[in-house]
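Below is one structure; the comments refer to it alone.
Derivation of every value follows stated rules applied to the coordinates shown; laboratory data play no part. None of these values were measured; they are calculated from a predicted model. As a convention, Cβ positions derive from the backbone with ideal geometry for all residues, glycine included, and neighbour counts pool all protein chains shown.
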Amino acid sequence: MDQPSDPSGSPQPGQSRPPLGGTPSSPPPPPAGYMHAPYAAPKGGGVLQKLAVTLVSSVLLISLLMNVYFVIIFQAQFGVGLSEAPYAEGSAKHKVVILEVTGTIDGGMAEYMRQAFEYLDQNTPDALVLRIDSGGGGVTASDQIWHYFKRFKSKHDIPVVASFGTVAASGGYYIAAPADHIVCEITGITGSIGVMAQAPTLGGLMDKVGVKWETMVADGSPDKDTANDIYRDWTEADRAVFKRLLNHAQDRFIDVVAEGRVGKLDRDAVVALSTGDIYTASEAEQNKLIDQVGYLDDAVAHAAQLAGVPSGTEPTVTRLQRPRPFNLLGLLMQSSQADLTTADPEQVRSWLSDFSRMRIEYRTVW
């Protein structure tokens, strides 16, 4: 049925105005309140894409971190990265370097000192200050550092001043002996020229627990177990063997000090001082084991003076330092390290062997 039309010619609701001149018109606007349905992404495609992007980003990030990690490990393990840290600003024409020996003198310290003197071979300053705060350590490690020090001095005609901190005794004094000048802080202690050795004996313990430990040696080496068997008490023959080794190390210590203090102490004077006694800074100065009571800055000033730095000119002073080791793998594996409750028999045997090993040391104990 035809709908009635408005006499005015206006279209009724639901009707559109006919186009003028026969020209098609744009589609009418949507009714009020009407909204287009949102675009629906294909199912599954967006999730897979996000997972792929996340995976690739994670791989790139892990790769970057691992590269940085291995660079740090390479530097720490192979000695790359020895550097100089500023200590005091001064003239760029003159430089004094401070090389520190802190803590027990062992194989690790000796290796660091070898690397340090090699660095100084390539980056030689006007003067060197050997800053020591150590009660000594192993005989071999102390002698190795002394050797590296002497070799450096033979290559470079620069003054070397030793500066003693809290303690520079026994092996700590041994390595300083070749220095041109020795300065010790007023509260420091030094000396202790002597050798010691320690090893446990477990014979009494074995008797109490009812365990007998048998040691056998080849026919051609009947003295092989002399003082090597911790499961029995020492005999006079055992002590005689180690006395010979200790006396040899003692003679070496005396020779090193007499050579280093030549013109200040003769060998007889060194022998008289090598009782193992510890000396205060004042006592050491009176006995000519050191040259001056003073602080690190006094040692630096004297080194600059010996190097011919003009009066009134302050040299640049730096500290030689090694990179701090960073071992991420060690941290990750730390929880898996074996302890006494999880160690296998071979690990226990290794620990006991190391525990029982006789150590001949230039070391101060108080």
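In the structure displayed, which of 208/243; 95/153; 150/264; 153/264 lie more than 21 Å apart, Cα to Cα?
Details: 208/243 30 Å; 95/153 17 Å; 150/264 19 Å; 153/264 19 Å.
Pairs exceeding the cut-off: 208/243.
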Task: Neighbour net charge for residue 207 - beta-carbon separation under 13 angstrom, K R +1, D E -1 - done: +2
Open item on the list: Can you compute log10 of I(q)/I(0) for region 242-289 with the Debye formula, treating each Cα as one identical point scatterer, at q = 0.32 Å⁻¹?
Closed with: -1.22
Task: J(HN,Hα) series, region 54-67, from Karplus relation 6.51 cos²θ - 1.76 cosθ + 1.60, nearest Hz, glycine and proline x - done: 4, 5, 5, 5, 5, 4, 5, 5, 5, 4, 4, 5, 5, 5
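Determine the sum of side-chain charges near residue 254: Lys and Arg each +1, Asp and Glu each -1, restricted to other residues whose C-beta is under 12 angstrom from that of residue 254. Could the numbers behind the result be given before it?
Numbers: positive: 252, 261, 267; negative: 251, 255, 259, 266, 268.
Local charge sum for residue 254: -2.
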TODO: Tell me the label-point distance for the pair residue 65, residue 319, using the 7 Å Cα-to-Cβ offset, in nm and rounded to one decimal.
DONE: 3.2 nm
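Taking a quarter of the surface of the Cα convex hull of region 76-171, what do you get in nm²?
Average of the hull's projected areas for region 76-171 equals 6.5 nm².
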Task: Per-q log10 I(q)/I(0), region 158-285, q = 0.20, 0.22 Å⁻¹ (Debye; single scatterer per alpha-carbon; no solvent) - done: -1.06, -1.23
Open item on the list: Within region 185-219, list the residues whose amide N lies under 13 Å from a label point set 7 Å along Cα→Cβ of residue 233.
Closed with: 201-208
TODO: Please compute P(r) over all alpha-carbon pairs of region 264-310, binned at 5 Å starting from zero, and give each bin as a whole-number percent.
DONE: 5, 19, 21, 19, 14, 13, 7, 2, 0
Task: Student exercise, region 250-299 dipole from Lys, Arg, Asp, Glu Cβ charges, in Debye to nearest 20 - done: 140 debye
Task: Spacing of the two label points (7 Å from each Cα toward its C-beta) at residue 292 and residue 48, in nm - done: 8.0 nm
